[in-house]
Amino acid sequence: MKAIDKLIFNALATRQRIVLPGVGSLAVEHRPARMSGRNRVEAPLNRVVFSRQEKPGYEALPELIARTAGVDSGEAARLYETWLGGARTEKGVTIGGTGDIRQDFFSPSPELEALLNPAGTTALMLKIRRRTGRTVLAVAAAAACAGVAAFLLIGEPGQERRPAPETSGTIAAATQPQPGSPAGRPAQTIPDSTGTASPQQGETTATERPAAAPETAPATIPSVSPDLYYVVAGVYSTEKNADTFIAGAAARDGSLSFAKARMGNGKILVSVFSSPQQAEAERERARLAAKHPDLWIYKRKK
């Protein structure tokens, strides 16, 4: 990593706001954990924001060079111009080991992303358990925001330290009532004192319920590739649930192309786009954000 690249990396890592003359401004913004749906918790997020404006109050990079290297302003300006000449490309500006500026968007390097968000950025989909007609959700949501929701869900063993979502509230997925449950309420079972699931009110027993259609064999779904960045619409525990979501979402927006991939823990990831380039996946998510703000990026660790 070149000296000026490293200087920019360290400035962003310590939350400094800087101006790159002739390019624009970079700053780290923090967004706290928040509920973005009935059972979706967005993780706290630190992200680098780029603006073409040279914001007042931000430190200009030549000034930072002069202060750090102990040179005068003229020499600092010359060093900056030399660096910028090598960093500019036809597509934007590449800051070695730090990130890329492309089409008014900053894509951080994996090293900077890991430093800014050491706990990951994956949204959590909380399981809803119904007991005596009331939804037990508030306590789970509070726990997730406190950083302990990782115990509610199981991530990919040996791959992801971050918990993977269980169900999805993305792209305005409609909840369909299940057979044998009251209208608008999914059928749930609650284990009794013997550990056997007992039916709730309005739910049929196993002997009364018609046999479920067999699931599609897992081998028909490709595994999540560690070489791709996925723009994810949701993660489901069964292929049947994933297909139900896809059918409803496709009926509402026929422009999206859905694909399924099986995660290491057996869950089904539903994506609308995938690419080996993180920047390309981020651009696609940004393009769809106006209509589908709940899309998120996922990449399996190798």
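Quick one: in region 15-33, of everything that is in a strand (DSSP E or B) and without any contact (Cβ under 8 Å) to a residue 40 or more places away in the chain, which residue is farthest from Glu59 (Cα to Cα)? Walk me through how you get there before you give the answer.
Taking region 15-33 and keeping what is in a strand (DSSP E or B), we get 18-20, 24-31.
Pick out the ones that are also without any contact (Cβ under 8 Å) to a residue 40 or more places away in the chain and you get 25, 27, 29-31.
Values: Ser25: 9, Ala27: 11, Glu29: 16, His30: 19, Arg31: 23 Å.
The qualifying residue farthest from Glu59 (Cα to Cα) is Arg31.
Could you tell me how many of the residues in region 244-263 are in a helix (DSSP H, G or I), open to solvent by 60 Å² or more (accessible area, probe 1.4 Å) and free of Cβ contacts under 8 Å to residues at least 40 places away in the same chain?
Step one: of region 244-263, the residues in a helix (DSSP H, G or I) are 244-252.
Filter once more, so that each one left must be open to solvent by 60 Å² or more (accessible area, probe 1.4 Å): 244, 247, 251-252.
Still in the list and also free of Cβ contacts under 8 Å to residues at least 40 places away in the same chain: 247, 251.
Of the residues in region 244-263, 2 are in a helix (DSSP H, G or I), open to solvent by 60 Å² or more (accessible area, probe 1.4 Å) and free of Cβ contacts under 8 Å to residues at least 40 places away in the same chain.
Return the total of residues in region 48-58 being touching a residue at least 40 places away in the same chain (Cβ under 8 Å), touching a strand residue (DSSP E or B) at 6+ places or on another chain (Cβ under 7 Å) and either over 23 Å from Glu113 (Cα atoms) or surrounded by fewer than 14 Cβ atoms within 10 Å (Cβ to Cβ) (or both).
Selection size over region 48-58: 2.
Does Pro293 satisfy being at pLDDT below 90 and open to solvent by 20 Å² or more (accessible area, probe 1.4 Å)? So that I can check it myself, show each step before the final result.
Values: at pLDDT below 90: yes; open to solvent by 20 Å² or more (accessible area, probe 1.4 Å): yes.
So Pro293 fits the description; yes.
Considering only residues that are assigned to a loop (DSSP other than H, G, I, E, B) and either open to solvent by 40 Å² or more (accessible area, probe 1.4 Å) or among the basic types (Lys, Arg) (or both), look in region 37-47 and name the one that is farthest from Lys127 (Cα to Cα). Please lay out each step first, then the result.
Step one: list which residues in region 37-47 are assigned to a loop (DSSP other than H, G, I, E, B), which gives 37-39, 43-44.
Restricting the remaining residues to those that are either open to solvent by 40 Å² or more (accessible area, probe 1.4 Å) or among the basic types (Lys, Arg) (or both) gives 38, 44.
Details: Arg38: 10, Pro44: 20 Å.
For region 37-47, the residue satisfying everything is Pro44.
Restricting attention to region 264-282, does a residue exist that is among the charged types (D, E, K, R), assigned to a helix (DSSP H, G or I), closer than 27 Å to Ser109 by Cα and modelled with pLDDT of 90 or more?
yes
For region 48-76, name all the residues that are β-branched (Val, Ile, Thr) and part of a strand (DSSP E or B).
Val48, Val49
Going by the conditions given, is Glu75 farther than 26 Å from Asn117 by Cβ, of a type in the set (Asp, Glu) and open to solvent by less than 90 Å² (accessible area, probe 1.4 Å)? It would help to see each step written out before you state the result.
On the way: farther than 26 Å from Asn117 by Cβ: yes; of a type in the set (Asp, Glu): yes; open to solvent by less than 90 Å² (accessible area, probe 1.4 Å): yes.
In short, yes.
Which condition number in (1) basic (Lys, Arg); (2) within 15 Å of the chain's Cα centre (by Cα); (3) open to solvent by less than 80 Å² (accessible area, probe 1.4 Å) is the one that Arg283 fails?
(3)
The values are calculated or read from the model by the stated rules, or taken from the named source; none is laboratory data. Remember, it's a predicted structure, so these values are computed and weren't measured experimentally. With ideal geometry, Cβ positions are generated from the backbone for all residues, glycine too; neighbour counts draw on all protein chains shown. Side chains are part of the model used for accessible areas, which takes the heavy atoms of the whole protein and leaves out ligands, DNA and RNA. Shrake-Rupley method; radii C 1.70, N 1.55, O 1.52, S 1.80 Å.
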